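Just below is one structure, and these are the notes that go with it.
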Amino acid sequence: MDTSNTPAAGDTPATDRSDRRRVLRAFNLSLGFVLLLVALFALQQTGWDWRPWAVGPHDTGGLLGLLGAPLLHGSIEHLAANATALLILGALAGSVYPKATVRALPLLWLGSGIGAWMLGEPGSHHLGASGVTHGLMFLVLGLGLLRRDRAAIAAGMIGVLFYGGMVMTVLPHEPGVSWQSHMGGAAAGVIAALLFRNADPLAPRKRYSWEDEDEEDDADAPLADAELEPPSPGQVPVLWQPREGRDYEVVVQLRPRPRRDPS
């Protein structure tokens, strides 16, 4: 049977349009945030003093960076790396888990700053959206492991394919890179996955034509078994007749064995 042109159950034009709108909306929101980062980076180049808005570890004045640090970047390379990760991971998480992602973002934002404030060296300044990107990566990975439906597993595999190296960058690996904010964002992503794993309903499972064929075969199976089932004793035709005057039937007449003369 040719099923190449047979639409799967749940795979309707309305569902396709809804999926496209959800992916496009998540990508546009991620792109809008990236454009905001570009605008703020351009403002930094004008001589604006950004240091009060960076995270200052173990300093109460540095707590302001919990809000402003993810919006600032130290170089164009720093900005480009985070912008690419935000576009990919933001679109991925926002399209597969729109509700969970919206609820998780404040945790990821604050978690990256808290990690830098608690674990960073005094006198240093931590800035950049890399803690948020690590949070998105661990959110997608955590939801894939917890939910384990088709969309969740696919999203987790895509996230690992592009940014699986983030699993290692939560540890010290390069001078000048804030692994502390990476660890804080990753921890917040895992917590958010645990908290919001049921925020988004499961997508309707697509049904394929070959599954209907299997069910039809299963429905025919009892008929085939019934044909092979031996008939009950009452249905077996009688091949003998009762003797006249007897109230029982004789199947095989037994005759006594003749006795041998011992002599």
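The values are calculated or read from the model by the stated rules, or taken from the named source; none is laboratory data. Computed from a predicted structure; not experimentally measured. These accessible areas exclude ligands, DNA and RNA; they are computed on the full protein's heavy atoms, side chains included. Shrake-Rupley method; radii C 1.70, N 1.55, O 1.52, S 1.80 Å.
When Rg and Dmax are taken over the Cα atoms of region 71-155, they come to 14.1, 47 Å. Stretching Glu174 away from Ala81 to a fully extended chain increases their span by 31.9 nm, per 0.36 nm per residue minus the current alpha-carbon distance. Compared with the alpha-carbon gap, the fully stretched path from Ser124 to Asp19 is longer by 33.4 nm at 0.36 nm per residue. Express the accessible area of region 74-165 per residue in Å², computed with a 1.4 Å probe while the remaining protein chains stay in the model. With the other protein chains kept in place, region 74-165 gives 44 Å² per residue. Residues whose amide H lies under 5 Å from that of His73, counting only those 5 or more places away or on a different chain, are absent; hydrogens are built 1.01 Å from N in the peptide plane. Within the accessible area of region 1-152, the carbon and sulfur atoms contribute 65%, probe 1.4 Å, all protein chains present.
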